[in-house]
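The values are calculated or read from the model by the stated rules, or taken from the named source; none is laboratory data. All figures in this text were calculated on a predicted structure; none of them were measured in a lab. Ideal geometry is used to build each Cβ from the backbone, glycine not excepted, and the neighbour counts take in all protein chains shown.
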Amino acid sequence: MLGYQDVPGIMVLTVKDMFETIKTMRDKEYNIIVSYVEIYNETIRDLLVPSSSYLELRDDPIKV
């Protein structure tokens with residue numbers, strides 16, 4: 001997902017493309033919010049807050 005220096009992954013390419021597009025559109029204002037989570041064995045962890053515990057995984061009974 002991250003890739004390597006000479007072969008960047010999809011995350012690096014997406015962020016690069018996003019900022020290149022923003023540079024060309026000077027007539028608009030952008031607010032960028034980032035979330036970076038790990039989902040493994042039905043546990044979710046916020047990777048931007050290293051001291052955080054696992055986040056709850058909940059089912060929505062209406063949207064099942």
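Could you list, in sequence order, the residues of the stretch 50-63 that are aliphatic (A, V, I, L, M) and surrounded by 10 or more Cβ atoms within 10 Å (Cβ to Cβ)?
Residue satisfying the conditions is 55 alone.
Looking at the stretch 16-47 only, could you name the residues that are in a loop (DSSP other than H, G, I, E, B) and surrounded by 10 or more Cβ atoms within 10 Å (Cβ to Cβ)?
36, 47
If I filter the stretch 5-15 down to residues being at pLDDT 85 or above and not hydrophobic (A, V, I, L, M, F, W, C), which single residue comes out as surrounded by the fewest Cβ atoms within 10 Å (Cβ to Cβ)?
Here the answer is 6.
Contact list please: Cβ distance under 9 Å, first residue in the stretch 1-24 and farther than 18 Å from residue 36 by Cβ, second residue aromatic (Phe, Trp, Tyr), pairs at least six apart or on different chains.
22/30
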